[in-house]
Amino acid sequence: MSRSRISADIDFDKEGKQHGFLRLPHSVHESAYGWIPIPITSIKNGAGPRVLLVSGNHGDEYEGQVTLMKLTRRLRAEDVKGRILILSAANFPAAMAGRRTSPIDGGNLNRSFPGDPNGQPTAMIAHYIEHVLLPQTDFVFDLHSGGSSLQYIPSALIRRYEDKERMAKSRAFLEAFGAPIAYIVDVPQGEDRTLTGGAERQNVLHMGTELGGSGTVQPAVLRIAESGVARLLHHVGVIREKLTQEPAPKTRVLRVGGPDYYLYAPDSGLFEPHVDLGAEVKAGQSAGLVHFPDTPWRDPSPVAFARAGLVICKRIPGKTQRGDCLFHLGTDWD
């Protein structure tokens, strides 16, 4: 595959703390020879683990962005043993617009891997992360949340791996992060368009999060994110001293399996939920009703859960379209 057209104006091998930009060439009417500035920070101090911290993969997921911006300002070179790269607004156009996808090309960064060095901006960013940053990384932690349309119980997540050693190391991340819940995802065969898939291809250990959402930044969720990232960095040995004295709370480990873990709107209309986050539900239990404002005399469409489980995610806007995700569930792993 061709080399990336994105360049960095900092030297990732240089000792110390550096701030700068990834320069993504972007020739448009208003700027013939312009470039999109994607902020990046490198903090390097000798030999040690190499960590990539990512947020803003989806631009309307704010909790991770705030966490990493605060960490960018807080960390000093003398705090680090190895190197930390911080990419706090990975899909920069989406982050600046406060949207899940890029306003330039409509690209969803977390569905664009392994990317294309000659493609649209979002594909170029995905290619740079997978083919330039990940090969010089040991661990990548990708901070997501529910964004504008979903809300989660604050959680951490990993893929389920057949490799027992990789699985054990990944599960240890969940325990170190210490979110109220964590879940292990059965990934459909062939689904490799995410940063998780890119990390697996590059043999980099990965953990993600879903930190609240609903287009807000909630203080309680932010505390979970900040203390969890601090414990992760200490767990992998990339910082010399603990950044937090808070021990990891016990986390409930769940599984998110096949399609029956997700519940989708059968019709377009206004959704009336019958359960909330954290509810334990049974197969066949009512999840809610979809009402029809254009024909209010029409009976609403009922929605029911296909399986039992814990509600870990719910849709936020009341207005819904057929095919929107309304809820998804988790079931206890052990």
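The values are calculated or read from the model by the stated rules, or taken from the named source; none is laboratory data. Just so it is clear, the model here is predicted, and its values are computed rather than measured. When we count neighbours, we look across all protein chains shown, and the Cβ atoms used for this are built from the backbone with ideal geometry, even at glycine.
Going through A308, A283, A279 one at a time, which residue ends up being of a type in the set (G, A, S), within 23 Å of D332 (Cβ to Cβ), surrounded by 15 or more Cβ atoms within 10 Å (Cβ to Cβ) and not assigned by TED's automatic domain parsing to the domain that holds Y183?
Result of the check over A308, A283, A279: A279.
Sort out which residues of the range 45-58 are in contact (Cβ under 8 Å) with a residue 40 or more places away in the chain and touching a Phe, Trp or Tyr at 6+ places or on another chain (Cβ under 8 Å), and write them in order of number.
Scanning the range 45-58 gives P49, R50, V51, L52, L53, V54.
Mind listing whichever residues of the range 1-40 are within 26 Å of the chain's Cα centre (by Cα), among the aromatic types (F, W, Y) and part of a loop (DSSP other than H, G, I, E, B)?
F12
Restricting to the range 109-148, count the residues that are surrounded by fewer than 19 Cβ atoms within 10 Å (Cβ to Cβ), under 22 Å from W35 (Cα atoms) and touching a residue at least 40 places away in the same chain (Cβ under 8 Å).
The qualifying residues number 4.
On the given criteria, is S145 within 13 Å of the chain's Cα centre (by Cα) and within 26 Å of F177 (Cβ to Cβ)?
When the stated conditions are applied, S145 passes them.
Would you check if A156 is touching a residue at least 40 places away in the same chain (Cβ under 8 Å), crowded, with 23+ Cβ neighbours inside 10 Å, on the phi < 0 side of the Ramachandran plot and aliphatic (A, V, I, L, M)?
Yes; evaluated as a whole, the condition is true for this residue.
Out of the residues in the range 224-264 that are in a loop (DSSP other than H, G, I, E, B) and in contact with a strand residue (DSSP E or B) (Cβ under 9 Å, 6 or more places away or on another chain), which is nearest to A304 (Cα to Cα)?
G257
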